[in-house]
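Participant: First, the structure itself, so that you have it in front of you.
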Amino acid sequence: MMLVEETSVPLAVLPVAQFKAHLRLGSGFSEDSLQDGVLESFLRAAMAAVEARTGKVLIARSFLWTLQDWRNEQGQGLPVAPVSAVTSVSLVDAAGDDAVVAPSAYRLIADGLAPELRPVGGCLPSVPHNGQVEIRFDAGFGAAWEDIPADLRQAVFLLAAHYYEYRDETALCSGCMPFGVSSLIERYRPVRLGGTR
């Protein structure tokens, strides 16, 4: 199983100016944009961390998910949410030849917590022996920063500010996340029971 991000968050969507205001950085100087690259990298890192902890894609992007077989032929849970569209499903045989599955054979259950790919008939199509299935889909709250829920936007700013403040610190324990960020993202974290996804 492998999830690949096929498109990235465009620079124009990142709220660098809002993040500067959040940090209360000085303005009106001749080198106002001097730290823009650093701030962009901290915003991207904070977004990635929040997405990893919650399983939610913040800004809309396209993904490719590769599986060796279905976990359940009556419905396959998708790895992230919210999913807006499944753009293609392909079956790849052992030789690497792929066959695109007709969109009429499956449907997206666009659940905000646990989206699923379900068959229109009885079962999802059989994956070839020693082959794999490739699912392309679009996921994210929306294309703009304002489309993200306010609490998740605040969590990204708090975490990016934490990264900025402690950018030279190497002694923090792995997985360290400030309490304020953890409390904001807690309700979005997936509940996993019995490995059904």
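The values are calculated or read from the model by the stated rules, or taken from the named source; none is laboratory data. All of these numbers come straight from a predicted model, not from anything done at the bench. Cβ: placed from backbone, ideal geometry, glycine included. Neighbour counts: every protein chain shown. Side chains are part of the model used for accessible areas, which takes the heavy atoms of the whole protein and leaves out ligands, DNA and RNA. Shrake-Rupley method; radii C 1.70, N 1.55, O 1.52, S 1.80 Å.
Participant: Just the number: Rg to Rh for the chain, Cα atoms, Kirkwood Rh, two decimals. Before the final figure, lay out each step's value.
Facilitator: On the way: Rg = 19.7 Å, Rh = 18.7 Å.
Rg/Rh for the chain comes to 1.05.
Participant: Using 7 Å Cα-to-Cβ label points, what is the Asp111/Ser88 separation (nm, one decimal)?
Facilitator: 2.8
Participant: In addition: Can you run phi through the Karplus equation (6.51, -1.76, 1.60; θ = phi - 60°) for the range 115-131 and list ³J(HN,Hα) in whole Hz, with x for Gly and Pro?
Facilitator: x, 9, 9, 10, x, 7, x, x, 9, 5, x, 5, 7, x, 4, 6, x
Participant: Given a Förster distance of 22 Å, report the FRET efficiency between Arg71 and Val100 from their Cβ-Cβ distance, rounded to the nearest 0.05.
Facilitator: On the way: r = 21 Å, r/R0 = 0.97.
Step by step, r from the Cβ atoms, then E = 0.55.
Participant: Treating only the Cβ atoms of Lys and Arg (+1) and Asp and Glu (-1) as charged, compute the dipole magnitude of the chain about its Cα centre; round to the nearest 20 debye.
Facilitator: Values: 16 positive and 23 negative charges, 124 e Å.
My answer is approximately 600 debye.
Participant: Once you have the Cα-Cα distance between Leu3 and Asp151, take 0.36 nm times their residue separation minus that, and quote the gain in nm to one decimal. Don't skip to the answer; put the middle values down first.
Facilitator: Details: separation 148, 0.36 × 148 = 53.28 nm, distance 2.58 nm.
This chain segment gains 50.7 nm when fully extended.
Participant: Next question. Roughly how many debye, to the nearest 20, is the charge dipole of the range 31-120 about its Cα centre, given +1 on each Lys and Arg Cβ, -1 on each Asp and Glu Cβ, and no other charges? Before the final figure, lay out each step's value.
Facilitator: Values: 7 positive and 12 negative charges, 80 e Å.
Dipole of the range 31-120, to the nearest 20 debye: 380 debye.
Participant: How much length is gained on full extension from Val13 to Arg187, taking 0.36 nm per residue of separation minus their Cα-Cα distance? Don't skip to the end; give the middle numbers.
Facilitator: Numbers: separation 174, 0.36 × 174 = 62.64 nm, distance 2.49 nm.
That works out to 60.1 nm of additional length.
Participant: Determine the percent antiparallel among the DSSP beta bridges restricted to the chain, to the nearest 5.
Facilitator: Values: 28 of 30 bridges.
Counting DSSP beta bridges with both partners in the chain, the antiparallel share is about 95 percent.
Participant: Which distance in nm do the two modelled labels at Glu165 and Cys123 give, with both placed 7 Å along the Cα-to-Cβ direction?
Facilitator: Each label point is offset 7 Å from its Cα along the Cβ direction, giving 5.5 nm.
Participant: State which stretch of the chain is the longest one without any exposed GluC sites (Glu not before Pro), exposure meaning a DSSP loop state and at most 12 other Cβ atoms within 10 Å.
Facilitator: Numbers: sites that count: Glu6, Glu31, Glu169.
Longest site-free region, per DSSP loop and neighbour criteria: 32-168.
Participant: Sticking with this structure for a sec: What accessible area per residue comes out for the chain, rounded to a whole number of Å², with a 1.4 Å probe? Please list the in-between numbers first.
Facilitator: Working: 10820 Å² over 197 residues.
I get 55 Å² per residue for the chain.
Participant: Same structure again: Whenever you get a sec, compute what percent of the accessible area on the chain sits on carbon and sulfur atoms (1.4 Å probe). Kindly include the intermediate steps, with their values, before the conclusion.
Facilitator: Numbers: 5710 of 10820 Å².
Roughly 53 percent of what the probe reaches on the chain is carbon or sulfur.
Participant: Let me ask you something else. Using a 10 Å Cβ count of at most 13 others and DSSP loop calls, identify the longest part of the chain lacking such chymotrypsin sites (Phe, Trp or Tyr not before Pro). Present the calculation step by step, with values, prior to reporting the outcome.
Facilitator: Numbers: sites that count: Phe29, Tyr166.
With a cap of 13 other Cβ atoms within 10 Å, the longest stretch comes to 30-165.
Participant: Name the residue farthest towards the positive end of the dipole of the chain from the options Trp70, Ala17, Asn130, assuming +1 on Cβ of Lys and Arg, -1 on Cβ of Asp and Glu, about the Cα centre.
Facilitator: Value computed over the given set: Trp70.
Participant: Additional query: Tell me the mean residue ellipticity at 222 nm calculated for the chain from its helices only (DSSP H runs of n ≥ 4, each -39500 (n - 2.57), averaged over every residue, nearest 500). Don't skip to the answer; put the middle values down first.
Facilitator: Values: 4 runs with 50 residues, N = 197.
Rounded to the nearest 500, it is -8000 deg cm²/dmol.
Participant: I've got another one for you. In the range 83-160, with Lys and Arg counted as +1 and Asp and Glu as -1 at Cβ, which of these residues, Ala94, Leu117, Val156, has the Cα nearest the positive end of the dipole, that is, farthest along it?
Facilitator: It is Leu117.
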